[in-house]
Amino acid sequence: GDSVTQMEGPVTLSEEAFLTINCTYTATGYPSLFWYVQYPGEGLQLLLKATKADDKGSNKGFEATYRKETTSFHLEKGSVQVSDSAVYFCALKGANRDDKIIFGKGTRLHILP
Amino acid sequence: DAGVTQSPTHLIKTRGQQVTLRCSPKSGHDTVSWYQQALGQGPQFIFQYYEEEERQRGNFPDRFSGHQFPNYSSELNVNALLLGDSALYLCASSLGRGYTFGSGTRLTVV
C-alpha cells in the first residue's frame with residue numbers, strides 16, 4: 001500500500017541555519033503531496049502542498065518540490081527561526097476524491113537561539 | 001468562516017468506559033474523516049463518512065464506531081476504552097481534494 005517515510009528526529013539547528021527534512025513516498029498513480037506542521041499542544045496545519053510532478057509548494061519561507069523520478073518531497077528553508085520549532089509531517093493523498101491522507105511519523109525540529 | 005470544530009478539547013476517561021467525540025465540519029464540506037495520533041506518532045486513519053455512511057475504514061477494531069448526521073457533523077465513539085486508546089483524535093473535513101483539520105480532542109484513559 002501507499003506509504004510515506006521521513007527522516008527521524010529530533011533535528012536541532014541554530015537560528016538562521018539551512019533546513020532540510022527528507023521525505024520519500026511509495027504510491028500508485030499520481031498522489032498529491034503535503035507538508036503539515038504541528039505546534040505544541042495544537043492540531044495540524046497545512047504548510048504547503050504540490051499536486052503534480054515538478055510542482056513546487058511554498059509557504060512562510062518553506063519549499064518542497066514534487067520529484068516523481070526520486071519519489072521525494074523534501075522540505076527546505078533557507079534560514080530557520082526559533083518560531084519554526086514544531087513537528088513536521090510529510091503526507092500523501094491519492095488522486096481519487098475519497099482517498100485518505102497517509103502521514104509519515106513526523107520529524108521534531110528544535111531551533112536554538 | 002469557521003473551520004473544523006471539535007469537542008471537547010480534552011477529556012479523561014477510565015479504562016472500560018465509553019466515549020463520544022464530536023466534530024463540526026468546515027462550512028460547505030460534506031466528508032468527515034477521523035484520525036488517531038498517538039504520542040510521538042503520525043496520525044493514523046480511523047474511518048471516513050460521506051452521505052451519512054462509513055465509506056472507508058482503517059485498521060481499527062469494531063470498538064471504534066462513528067456516525068454522520070444530515071448536517072454533515074460527525075461523532076466518533078469508542079467503547080471499552082483501553083489505556084492504549086489515549087491519543088489526540090483529529091477530525092478532518094473535505095469537499096473534493098482539500099482537507100481541513102480541527103485542533104483535536106486529547107483523550108487520556110486512566
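Select from segment A:8-58 the residues that are acidic (Asp, Glu) and in contact with a Phe, Trp or Tyr (Cβ under 6 Å, 6 or more places away or on another chain) and list them in ascending order. A:55, the sole residue that qualifies.
Residues that are more than 16 Å from the chain's Cα centre (by Cα) and of a type in the set (A, V, I, L, M) were ranked within segment B:74-108; the one that is surrounded by the fewest Cβ atoms within 10 Å (Cβ to Cβ) is B:83. You will find that of A:19, A:109, A:46, the residue that is under 13 Å from the mean Cα position of the chain (by Cα) and without any contact (Cβ under 8 Å) to a residue 24 or more places away in the chain is A:46 and no other.
Candidates in segment A:79-100 are the residues that are touching a Pro at 6+ places or on another chain (Cβ under 9 Å) and assigned to a strand (DSSP E or B); of these, the one that is farthest from the other protein chains (Cβ to nearest Cβ) is A:86. Looking across B:39, B:88, one residue alone is out of contact with any helix residue (DSSP H, G or I) (no Cβ under 6 Å at 6 or more places or on another chain), under 20 Å from residue A:39 (Cα atoms) and not in a strand (DSSP E or B). It is B:39. When segment A:101-113 is limited to residues that are at negative phi and in a loop (DSSP other than H, G, I, E, B), the one that is farthest from the other protein chains (Cβ to nearest Cβ) turns out to be A:113. In segment A:25-57, which residues are over 25 Å from residue B:91 (Cα atoms) and of a type in the set (Val, Ile, Thr)? A:28 - this is the single residue of segment A:25-57 that is over 25 Å from residue B:91 (Cα atoms) and of a type in the set (Val, Ile, Thr).
A single member of A:56, A:60 is in contact with a helix residue (DSSP H, G or I) (Cβ under 9 Å, 6 or more places away or on another chain), without any contact (Cβ under 8 Å) to a residue 40 or more places away in the chain and more than 14 Å from chain B (Cβ to nearest Cβ), and it is A:60. Out of A:14, A:72, one residue alone is over 27 Å from residue B:91 (Cβ atoms) and either within 12 Å of another protein chain (Cβ to nearest Cβ) or loosely packed, with under 15 Cβ neighbours inside 10 Å (or both). It is A:14. Counting the residues of segment B:1-25 that are surrounded by 21 or more Cβ atoms within 10 Å (Cβ to Cβ) and part of a loop (DSSP other than H, G, I, E, B) gives 2.
Residues that are at the interface with chain A (Cβ under 9 Å from one of its Cβ atoms), of a type in the set (S, T, N, Q) and crowded, with 20+ Cβ neighbours inside 10 Å within segment B:26-47 comprise B:31, B:33, B:37, listed in sequence order. Could you please let me know if residue A:51 is polar (S, T, N, Q), away from chain B (no Cβ under 11 Å) and surrounded by fewer than 20 Cβ atoms within 10 Å (Cβ to Cβ)? Considered against the rule, which asks whether it is polar (S, T, N, Q), away from chain B (no Cβ under 11 Å) and surrounded by fewer than 20 Cβ atoms within 10 Å (Cβ to Cβ), residue A:51 comes out as no. Of the residues examined, residue A:29 is not one that is away from every other protein chain (no Cβ under 13 Å), surrounded by 12 or more Cβ atoms within 10 Å (Cβ to Cβ) and at positive phi. For the residues B:16, B:42, the requirement of being over 14 Å from the mean Cα position of the chain (by Cα) and at positive phi singles out B:16. With the condition kept exactly as written, say whether any residue in segment B:48-69 is of a type outside the set (Asp, Glu), at pLDDT 95 or above, crowded, with 21+ Cβ neighbours inside 10 Å and not in a strand (DSSP E or B). Checking segment B:48-69: not a single residue is of a type outside the set (Asp, Glu), at pLDDT 95 or above, crowded, with 21+ Cβ neighbours inside 10 Å and not in a strand (DSSP E or B).
The values are calculated or read from the model by the stated rules, or taken from the named source; none is laboratory data. Values in this document were obtained by computation on a predicted structure and should not be read as measured data. Positions of Cβ are backbone-derived with ideal geometry, glycine not excepted, and every protein chain shown enters the neighbour counts.
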